[in-house]
Amino acid sequence: MPRLLVVTSSYPMQDNPASGIFVDKILRHLPADWEITVLTPATAHDTVPRREGHQSVQPVVYAPRAWMRLAHAPGGIMPQLRRHPWLGLLLPAMLLRLAWCLRRQAREHDVIYANWAIQGALAGLVTLGWRKPLVTALRGSDVHARQTLSQRLFLKMTALFSSKITAVSDDFATTIQSIMPSCGPIVVVQNGVDDSLLTLPPPDRTLAQELRLLSIGSLIPVKDHRTLLHALARLNTYPWHLRIVGEGPERKGLERLAKELHIENRVELLGAVSPAQIPGVLAHHDVLIHPSLAEGRSNVVIEAMAAARAIIASDIPSQRDLLGTGAGILFPPADIAALHDALASLTDHDLTSLGLTARQHILDRGLTWPGAGRQLDGVLRSCLEAGEIR
């Protein structure tokens, strides 16, 4: 039975069950002969190891209980540090504790699977010379055009230490290759969707009725909900109501902006919902709007496509790859007028047809969690069997 050691700063926890849900999903769809141990920073309410099927989840305690707020927050570690700079004092403690647990556990495992560059660099450094294959998944937030010095250092270390690097889409793999030319070929392991989304009936609405608009994402600047509110404030083509699912530091600012734009009665901020609730949320809406400024690949967009929802999204590479084949409506990022025009253009579209086209695109590309599990399994086993070590 091959043994897999996973290290990740985002993973479903009691404090935030939506944190890193895609990491949990892909691990659950690996073949059952894998024995999996997950190392992830603990939270105030999640410090006790637990067993889930063939996974052992081991929260890593790195500070007094009430202080463990660095990981699993909306947007990840870097946005949390920008919101609460004092948490930076805990970063060395968290990394040292993860490093100690990695070093203790690595000898007992056959392959290491790190999620995000900082974990890849850490895993490579502490197990250097142990001849353990290291697969690092880069997912978007750690590969950004405006990188800090520390981010560039982590990326260089990841490229140096990893046996294989995976990306969530072809265009993102190209981006990684351009930023890290020394890292070798990038393997694409795409995220998937739950089967329950593929059975939802498409919306059957006319624009004479109030159109039920939805946006899902952490309330952080990169998701750019502000552009969406400004665009909707100009929209008088049809009646509409927007619900925003997600939590984060932008909440109060978005509430103030909705009042300033006099649309507070048509905008609801629902807060975070559990991953299990997402199919039900999508089922009660007609159009998903995703104005994000940067994504490796948006799970929300993939889920909405599988649910046969019409989609309006910013024209960034990962979303162009998904929707640019007639599966959705794209607009230039951060462009209020263009987003307004995209919203107004819904009167020219058959929403049911648009949603079904999006769903077929998901099916044609095999973007399911079983498919993602098979892709990752292939990468891990190839490293193990070929002895691809650092």
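The values are calculated or read from the model by the stated rules, or taken from the named source; none is laboratory data. Please read these numbers as outputs of a predicted model, since none were measured by experiment. All Cβ positions, glycine included, derive from the backbone under ideal geometry; neighbour counts span all protein chains shown. For accessibility, only protein heavy atoms count, side chains too; no ligands or nucleic acids. Shrake-Rupley method; radii C 1.70, N 1.55, O 1.52, S 1.80 Å.
Here are the numbers:
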{"item": "Flag for ALA334 being of a type in the set (A, V, I, L, M, F, W, C) and surrounded by fewer than 17 Cβ atoms within 10 Å (Cβ to Cβ)", "result": "yes"}
{"item": "Residue under evaluation GLY88, criteria (1) crowded, with 18+ Cβ neighbours inside 10 Å; (2) over 30 Å from GLN277 (Cα atoms), criterion not met", "result": "(1)"}
{"item": "Per-region count, the range 185-237, residues farther than 24 Å from LEU367 by Cα and without any contact (Cβ under 8 Å) to a residue 24 or more places away in the chain", "result": "2"}
{"item": "Cβ pairs under 8 Å, 6+ apart, first in the range 1-14 and closer than 19 Å to VAL126 by Cβ and modelled with pLDDT under 95, second buried (at least 21 other Cβ atoms within 10 Å of the Cβ) and among the polar types (S, T, N, Q)", "result": "SER9/THR40; SER9/ASN115; SER9/GLN119"}
{"item": "Inter-residue pairs, beta-carbon under 7 Å, first among the acidic types (Asp, Glu) and in the range 159-184, second open to solvent by less than 10 Å² (accessible area, probe 1.4 Å), 6+ apart", "result": "ASP171/SER318"}
{"item": "Residue in the range 243-277 that is surrounded by the most Cβ atoms within 10 Å (Cβ to Cβ), counting only those that are in contact (Cβ under 8 Å) with a residue 40 or more places away in the chain and more than 19 Å from the chain's Cα centre (by Cα)", "result": "LEU269"}
{"item": "Residues of the range 332-359 that turn out to be closer than 22 Å to ASN299 by Cα and touching a residue at least 24 places away in the same chain (Cβ under 8 Å), as a count", "result": "13"}
{"item": "Odd one out for VAL379 among (1) closer than 30 Å to ALA159 by Cβ; (2) of a type in the set (A, V, I, L, M, F, W, C); (3) free of Cβ contacts under 8 Å to residues at least 60 places away in the same chain; (4) open to solvent by less than 40 Å² (accessible area, probe 1.4 Å)", "result": "(3)"}
{"item": "LEU228 under 17 Å from LEU293 (Cα atoms), part of a helix (DSSP H, G or I) and not hydroxyl-bearing (Ser, Thr, Tyr)", "result": "yes"}
{"item": "The range 41-54 residues that are surrounded by 14 or more Cβ atoms within 10 Å (Cβ to Cβ), paired with ones that are in a strand (DSSP E or B) and charged (D, E, K, R) (beta carbon under 9 Å, 6 or more apart)", "result": "HIS54/GLU35"}
{"item": "From the options VAL126, VAL143, residue that is within 19 Å of ALA167 (Cβ to Cβ) and among the hydrophobic types (A, V, I, L, M, F, W, C)", "result": "VAL143"}
{"item": "Positions within the range 21-35 being of a type in the set (A, V, I, L, M, F, W, C) and open to solvent by less than 50 Å² (accessible area, probe 1.4 Å), in sequence order", "result": "ILE21, PHE22, VAL23, ILE26, LEU27, LEU30, TRP34"}
